[in-house]
Amino acid sequence: MTVQLYPSIDLRAGRVVRLRQGDYDRETAYELDPVAVAREFGADGAPWIHVVDLDAARSGVATNRQVIEAMAAALEGRPSIQAGGGVRSLDDAAELADAGVARVVMGSAAVADPSLVEVVARRVPVAVALDHREGIVAVEGWTSASTLSLRDGLVRFPAAEAFVITNIKRDGELLGPDLDGIRDAVMASDVPVIASGGVASLDDVRALAAVPGLGGIITGRALYEGRFTVAEALAAVGDRTS
């Protein structure tokens, strides 16, 4: 399996931002045009872009949907967009698909009603987000803990095309990825796992790419802070998957 790189664009009020550990009060805003950022990632060769509507994740209101549509229109499917945040119904997913999104990410709604993933997957491919603190999946924009464990979540969504797994304590902190946790998740799942959170260096990218069976790597803050480029990360992935 070739590991796919997913440079990420988190949106809040139309701006490119990053949160630390999912905390909306610990936001870094970047003076960047999200459409231009998406184009740059595509020009560097990214096969996917991971987009999160942080406003919708918290409130359910798709504040950034027009921005996502503009990004998809600019990219014309190259790279593909995987988008989430506030996808809580078939209508939400269908609107994103109609906007040009190739795969939607469902978190809170999937945890609340696993059957909804099967319904949505008939319309557009679904990645289920299993973002966790100490192995317990968080919901509502990471503001609340569910009763679902990460291990149970990995076998609960047979219609999912992928799982996006984030150790929230590492997200946006540049502390390195949770390699042991990701290895365990990959071994426990028949569905491809996309690792998110903590990537700080090309060595982190290489270490994740070396995890047998890993499906993808999401990276954000390290790109925006110039620690490496998309092109360099793609080369690092290739170094470990060739």
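Filtered by the rule that a residue be aliphatic (A, V, I, L, M) and within 16 Å of A236 (Cβ to Cβ), the stretch 183-206 gives A195, V199, A200, L202, V205. Of the numbered criteria (1) modelled with pLDDT of 90 or more; (2) surrounded by fewer than 22 Cβ atoms within 10 Å (Cβ to Cβ), the one V137 fails is (2). Beta carbons closer than 7 Å, at least 6 apart along the sequence or on distinct chains, pair a first residue in the stretch 117-140 that is at positive phi with a second that is assigned to a strand (DSSP E or B) for G135/S149. Exactly one residue out of V205, V237, V211, V186 is modelled with pLDDT of 95 or more and closer than 16 Å to H50 by Cβ: that is V205. For the stretch 191-221, a residue qualifies if it is part of a strand (DSSP E or B) and over 22 Å from F157 (Cα atoms), and exactly one does: T219. The criterion of being crowded, with 17+ Cβ neighbours inside 10 Å, of a type outside the set (K, R), modelled with pLDDT under 95 and touching a helix residue (DSSP H, G or I) at 6+ places or on another chain (Cβ under 7 Å) does not hold for D55. Listed by position, the helices (runs of 4 or more DSSP H) enclosed by the stretch 42-133 that each have at least 2 residues that are in contact with a strand residue (DSSP E or B) (Cβ under 9 Å, 6 or more places away or on another chain) and farther than 27 Å from V155 by Cβ are 54-59, 65-75.
The values are calculated or read from the model by the stated rules, or taken from the named source; none is laboratory data. A quick note: this is a predicted structure, and the numbers were derived from the prediction, not measured. Here the Cβ is made from the backbone with ideal geometry for all residues, glycine too, and neighbour counts use every protein chain on show.
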